[in-house]
Protein chains: 2
Amino acid sequence: MTDRHYGVHGEFRDLLCSKNIKPSYQRLLILEYIMKNKNHPSAEIIFKNISRSVPTLSRTTVYNNLNIFVRKGILSSIKTNKSETRYDIIEIPHAHFYCLQCKRIIDVDLKIPLYRKNSIQGHKIEEVQVQFRGTCRNCFNKKEKKTKNVL
Amino acid sequence: MTDRHYGVHGEFRDLLCSKNIKPSYQRLLILEYIMKNKNHPSAEIIFKNISRSVPTLSRTTVYNNLNIFVRKGILSSIKTNKSETRYDIIEIPHAHFYCLQCKRIIDVDLKIPLYRKNSIQGHKIEEVQVQFRGTCRNCFNKKEKKTKNVL
DNA sequence: GTTTAGATTGTACTTATTACAATATTGTAG
DNA sequence: CTACAATATTGTAATAAGTACAATCTAAAC
């Protein structure tokens, strides 16, 4: 079970080891899923998709490991409207745009010095989250088109 | 029941009317609670505190009206770590600092032009949320003191 | 090969929130 | 004032996301 995945998962394996997390089969799968489908999935989505090919996977394992990844700084967690948590890889700091129509989360760049601060008004910053909410370009264009057709 | 509260709740009453929300007794109580205890309470906290003096109040009423207030732009909702939602009055745009130790939410000012944008990379912005997480000044000082005593 | 620490699994539980139907209140037209 | 419609509130039941925990499994260390 293990060595079959040395090749494919090599980089994820290294990433986990560098953070002192044992690179178990399940952890590699979870990490791989998030890295390859860069669509900010929820725990449930990750669970459903991986358990298609690995039916023995437990929901708890997914939750446990997502929490570990967040604590160790591999992933960041994003809270949407609907009391659900979504996950994203931590790369260059960036902001998120949450579309209220299609529920997609879109990465956006912010060239502001916000991320360089390590304290604000005396409070020690460990994490910064910037989230925009509204209507994404796609949904906005769809609406526009619909309006035009009516006229 | 109604006119007893004309005096005290006058400004909240006006605020609700200006947003086309009927200023019911319960709504005034909820709004008053949030405005007077500026500590970003959760629905549960609001419910518990108001229902001490108004035992007939329903949890559902609190949730319903908080949602209405958010939709109408009177309140903003803040998602914390623990899948709970907290509420804050919308005044001058500001950011929030969530202390991972004491769980307080502290208002912080940001003098950045972030709030002036109404679109980013083509996506229409309706709302911006900036949230810092870390250790607040208070908790940080406590930790410092403890460390000093040990030495 | 045995031991031990850590990981995974599955079930039961908690917590925040919503759905919904019944009841109550308010505003309005006759 | 009374009747009616519209809206608000209430309480219960349901849902959904996440956690606690005990049992089982795995893998590395001796």
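A few points about this structure:
- Unmet criterion (only one of (1) in contact with a strand residue (DSSP E or B) (Cβ under 6 Å, 6 or more places away or on another chain); (2) within 12 Å of chain B (Cβ to nearest Cβ); (3) touching a residue at least 24 places away in the same chain (Cβ under 8 Å)) for residue A:69: (2)
- Selection status of residue B:117, in contact with a Phe, Trp or Tyr (Cβ under 6 Å, 6 or more places away or on another chain), modelled with pLDDT of 75 or more and not assigned by TED's automatic domain parsing to the domain that holds residue B:72: no
Let's see how each residue does on (1) away from DNA strand D (no atom under 12 Å from the Cβ); (2) in contact with a Ser or Thr (Cβ under 9 Å, 6 or more places away or on another chain); (3) of a type in the set (Asp, Glu); (4) not assigned by TED's automatic domain parsing to the domain that holds residue B:130:
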residue: B:19; (1), (2), (3), (4): no, no, no, yes
residue: B:22; (1), (2), (3), (4): no, no, no, yes
residue: B:26; (1), (2), (3), (4): no, yes, no, yes
residue: B:29; (1), (2), (3), (4): no, yes, no, yes
residue: B:34; (1), (2), (3), (4): yes, no, no, yes
residue: B:52; (1), (2), (3), (4): yes, no, no, yes
residue: B:78; (1), (2), (3), (4): yes, yes, no, yes
residue: B:81; (1), (2), (3), (4): no, yes, no, yes
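- When the stretch B:86-112 is filtered for residues that are more than 20 Å from residue B:136 (Cα to Cα) and among the β-branched types (Val, Ile, Thr), the ones remaining, listed by number, are B:89, B:90, B:92, B:112.
- Lone unmet requirement of (1) at pLDDT below 90; (2) closer than 27 Å to residue A:87 by Cβ; (3) not aliphatic (A, V, I, L, M) for residue B:76: (1)
- Residues that are more than 8 Å from DNA strand C (Cβ to nearest atom), closer than 19 Å to residue A:78 by Cα, open to solvent by less than 50 Å² (accessible area, probe 1.4 Å) and away from chain B (no Cβ under 14 Å), drawn from the stretch A:41-63: A:41, A:46, A:47
The values are calculated or read from the model by the stated rules, or taken from the named source; none is laboratory data. Given the structure is predicted, the values throughout are model-derived calculations rather than measurements. Cβ: placed from backbone, ideal geometry, glycine included. Neighbour counts: every protein chain shown. Side chains are part of the model used for accessible areas, which takes the heavy atoms of the whole protein and leaves out ligands, DNA and RNA. Shrake-Rupley method; radii C 1.70, N 1.55, O 1.52, S 1.80 Å.
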